[in-house]
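Structure first, then comments.
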Amino acid sequence: MTSITPQPGIMDIALYQGGASHLAGVEHVLKLSSNENPAGPVPSAIRALSEAAAGMHLYPSTDHASLRGAIAQTWGVAPERVICGVGSDEVLQFVTQAFSGPGDEIIHTEHGFSMYPILAKMAGATPVCVPENERVVDVNAILGAVTDRTRIVLLTNPGNPTGTRLPDAELMRLADDLPAHVILVIDAAYAEYADGYNGGLSLAEIRSNVLMTRTFSKIYGLGGLRVGWGYGPQELIDVMNRIRQPFNLSTVALAASKAAVLDTDWVAECAARNAEQRARLTGALRQLGLACDDSETNFVLARAGSVAEADAAEAALNADGILVRRVAGYGFPEGLRITVGDADQTGRVIAALTRWREEAAA
């Protein structure tokens, strides 16, 4: 029996489960379980990656200056207040590790990203889960959970898997009413899909305790490269950089993400196509008797009337080679999170579910 023991909280962590990629007996699966861009990677990023590949024998920059400059150019922010990580997950880890520990509390909402309690436990802090109101973040519930031990509030906006967004006025109220010692982290992984929303960037610009995080994994189609970034007060960024590994991003990842963030036309085109197919999918699901909220992301959460009905709907999709995400772990045992695909993929989902309803009624 070893006398070596892990840090408190580590053994309480349940392993993160990603979206499935395979169906037994199906060669060509339509994967709509991980909210990936159906258009694939940004073409300009592919070209940049290819050109950078010849320099893979050289260490990448430690300060990410070129990528931070491109982010600053695109979003109109100060490059010195940008921090880059291995996906936005690592940026979230930076803030929880740097500003919380044993005896501290980190608040998250009941349908928020499942990594939040894991990140809290990694830091030795206590995760505090608060309820949402009809699948929308409840500002009063968050404020009511704040104690003198609270150090961080982790907020997914727009939400995953709900797809809903906290209105700007409510987001501002939350920032206004949180104590100065509590950091509000706005996880805006899906912000590019929400019309007229800057992901909380304006709050991070002016508040001393607000940090915004973004990712290249969704609309930019670079999930396989793992690049994300955060923006916030200089004082927070300087602390977080002290625990960031110096070579956390590769040469090719830096080159591809720089090209991607400068390709604003691509983002606009993808967002427009997503909005069109999202509306089409939402309308069809409702006509088929599957409840869903208006989504501001690249997925729709379909809610069946029961777990058995959700099982049947998923089976019908699987029979047609379509994978979606069951989200019981997020509080929706009756839920199917369906990535918004292109026109053909959306049509395939609708057709499979329509056949299922028709066969059930026969």
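In table form, for the structure just shown:
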{"read-out": "Number of the exception - SER34 against (1) at pLDDT below 95; (2) among the hydroxyl-bearing types (Ser, Thr, Tyr); (3) under 22 Å from the mean Cα position of the chain (by Cα); (4) surrounded by fewer than 17 Cβ atoms within 10 Å (Cβ to Cβ)", "value": "(4)"}
{"read-out": "Residue check, VAL29 over 20 Å from THR215 (Cα atoms), among the aliphatic types (A, V, I, L, M) and either out of contact with any strand residue (DSSP E or B) (no Cβ under 6 Å at 6 or more places or on another chain) or not assigned by TED's automatic domain parsing to the domain that holds TYR220 (or both)", "value": "yes"}
{"read-out": "Qualifying positions in the stretch 119-134 - farther than 21 Å from PHE99 by Cα and either touching a helix residue (DSSP H, G or I) at 6+ places or on another chain (Cβ under 9 Å) or crowded, with 19+ Cβ neighbours inside 10 Å (or both)", "value": "PRO131, GLU132, ASN133"}
{"read-out": "Tally of residues being buried (at least 17 other Cβ atoms within 10 Å of the Cβ) and under 23 Å from the mean Cα position of the chain (by Cα) across the stretch 45-58", "value": "1"}
{"read-out": "Test: residue in the stretch 140-158 that is more than 29 Å from PHE216 (Cβ to Cβ) and crowded, with 22+ Cβ neighbours inside 10 Å", "value": "yes"}
{"read-out": "Complete set of residues in the stretch 228-270 that are assigned to a helix (DSSP H, G or I), surrounded by fewer than 21 Cβ atoms within 10 Å (Cβ to Cβ) and either touching a Leu at 6+ places or on another chain (Cβ under 7 Å) or among the polar types (S, T, N, Q) (or both)", "value": "GLN234, ASN241, THR251, VAL252, THR264"}
{"read-out": "Some residue of the stretch 209-226 being touching a Cys at 6+ places or on another chain (Cβ under 9 Å) and part of a helix (DSSP H, G or I)", "value": "no"}
{"read-out": "Residues located in the stretch 159-174, provided they are buried (at least 19 other Cβ atoms within 10 Å of the Cβ) and over 18 Å from the mean Cα position of the chain (by Cα)", "value": "LEU174"}
{"read-out": "Lone unmet requirement of (1) in contact (Cβ under 8 Å) with a residue 40 or more places away in the chain; (2) in a loop (DSSP other than H, G, I, E, B); (3) over 16 Å from ALA256 (Cβ atoms) for ASP63", "value": "(1)"}
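The values are calculated or read from the model by the stated rules, or taken from the named source; none is laboratory data. Keep in mind that what you see is a predicted model, and the values were worked out from it rather than measured. Neighbour counts run over all protein chains shown; Cβ positions are idealised from the backbone, glycine included.
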